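Notes follow once the structure below has been shown.
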Amino acid sequence: MSRHLIYKIVEADKHWADEYRMFCQKAYQAAYPRPERGVTKDLFSEAIFNSPRIKTYFNELLSPSESNKFWLALDDNNHILGGAGATNKVDHIEMQAFYVSENHQGQGIGRALYEKVKRFAGKLPIEIEVIEYMEETIKTYEHWGFRIDPSRAKVTYPWTEWPDDAIASYQAIHMVRPVPK
C-alpha cells in the first residue's frame, strides 16, 4: 500500500540557501549529465557547488523582496522535496531554479510550486531557460502552456568553476508562457 505524500509549500528565505544549493547539486548530478555531450557528473560536484560564485547565486536567489520570491516544497520533517523561484523583470517574470527531487516527481509538487509562480506573475508572462537536451522538462513546460521562443538565441552558461579542459555542450533554450487570455 502506498502512502500519500504529505508536503507543504513555504516561502523561503536566505536561511534555506545552503540546504537548497546542496539539494540542487544532487538534482543536477541526477538530471544533467550527458557524457556524449561532455557533460559529466563531476561537473556538478559538491566542490563546484561550494564555490563562492555558486554560494552567492543561491544566497541572492533565496533573499525575498517585493520583486523576488522563492518557494520550497517540504515534507513533514522539513526536508526539501523541491523549489522554484520567481523574479519580476518588469515586463515578465523569470522562473528560476525550478527543481523537484527525482524520487518525488509526478506527485504534484512541481505543479504546486508552479502555481505559486503563476500567482506571483499575475498578468505578466513567465519566462524560463531550459537546457536544450532536457526533453521531458521541455514537454512538461509545454503542457503548462510554455512555448520555445525561436527568436531568442541559445544561452551558454558560464560555469567558470569547470576545469579548463572541460568541453561540454550545455546550452539553454528560452521558453515563454504568454499571459493567459
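The values are calculated or read from the model by the stated rules, or taken from the named source; none is laboratory data. Since this is a predicted model, take the numbers as computed values, not measurements. Because the Cβ atoms are built from the backbone with ideal geometry, glycine has one as well, and the counts that use them run over all protein chains shown. Side chains included, ligands, DNA and RNA excluded: accessible areas come from the protein's heavy atoms. Shrake-Rupley method; radii C 1.70, N 1.55, O 1.52, S 1.80 Å.
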Exactly one condition in (1) of a type outside the set (Val, Ile, Thr); (2) in a helix (DSSP H, G or I); (3) more than 20 Å from residue 81 (Cβ to Cβ) is not met by residue 151; state its number. (2)
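Quick check on my filter: what residues within segment 66-99 are free of Cβ contacts under 8 Å to residues at least 60 places away in the same chain and outside any strand (DSSP E or B)?
Correct list: 66, 67, 77, 78, 79, 89, 90, 91.
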Every residue in segment 103-114 that is open to solvent by less than 50 Å² (accessible area, probe 1.4 Å) and either assigned to a helix (DSSP H, G or I) or in contact with a Lys or Arg (Cβ under 6 Å, 6 or more places away or on another chain) (or both), please. 104, 109, 110, 112, 113, 114
Every residue in segment 122-155 that is over 16 Å from the mean Cα position of the chain (by Cα) and under 16 Å from residue 34 (Cα atoms), please. none
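Are any residues in segment 56-70 in contact with a Phe, Trp or Tyr (Cβ under 9 Å, 6 or more places away or on another chain) and either open to solvent by less than 20 Å² (accessible area, probe 1.4 Å) or more than 16 Å from residue 120 (Cα to Cα) (or both), and if so, which ones?
Step one: filter segment 56-70 for residues in contact with a Phe, Trp or Tyr (Cβ under 9 Å, 6 or more places away or on another chain), giving 58, 61-64, 69-70.
Once the filter is applied, which keeps residues that are in contact with a Phe, Trp or Tyr (Cβ under 9 Å, 6 or more places away or on another chain) and either open to solvent by less than 20 Å² (accessible area, probe 1.4 Å) or more than 16 Å from residue 120 (Cα to Cα) (or both), segment 56-70 yields 58, 61, 62, 70.
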Within segment 154-176, restricting to residues that are among the hydroxyl-bearing types (Ser, Thr, Tyr) and assigned to a loop (DSSP other than H, G, I, E, B), the one that is modelled with the lowest pLDDT is 169
Looking at segment 1-55 only, could you name the residues that are open to solvent by 70 Å² or more (accessible area, probe 1.4 Å), over 23 Å from residue 78 (Cα atoms) and in a helix (DSSP H, G or I)? 35, 36, 37, 41, 42, 47, 52, 53
Take segment 81-100 and flag every residue that is out of contact with any Gly (no Cβ under 6 Å at 6 or more places or on another chain) and open to solvent by less than 20 Å² (accessible area, probe 1.4 Å). 81, 82, 83, 84, 85, 86, 93, 95
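Filtering segment 154-177 down to residues that are polar (S, T, N, Q) and open to solvent by less than 90 Å² (accessible area, probe 1.4 Å), which residue is farthest from residue 84 (Cα to Cα)? Steps first, please.
Going residue by residue through segment 154-177, those that are polar (S, T, N, Q) are 156, 160, 169, 171.
Applying the additional criterion that residues be open to solvent by less than 90 Å² (accessible area, probe 1.4 Å) yields 156, 169, 171.
Working: 156: 21, 169: 25, 171: 20 Å.
Among residues in segment 154-177 that are polar (S, T, N, Q) and open to solvent by less than 90 Å² (accessible area, probe 1.4 Å), the one farthest from residue 84 (Cα to Cα) is 169.
Let's see how each residue does on (1) at pLDDT 95 or above; (2) out of contact with any strand residue (DSSP E or B) (no Cβ under 9 Å at 6 or more places or on another chain):
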| site | (1), (2) |
| --- | --- |
| 56 | yes, yes |
| 59 | yes, yes |
| 64 | no, no |
| 74 | yes, no |
| 80 | yes, no |
| 83 | yes, no |
| 86 | yes, no |
| 90 | no, yes |
| 102 | no, yes |
What are the residue pairs meeting all of these: first residue in segment 40-65, first residue under 14 Å from residue 159 (Cα atoms), second residue among the small types (Gly, Ala, Ser), Cβ atoms under 7 Å, and 6 or more apart or on different chains? 43/166; 43/168
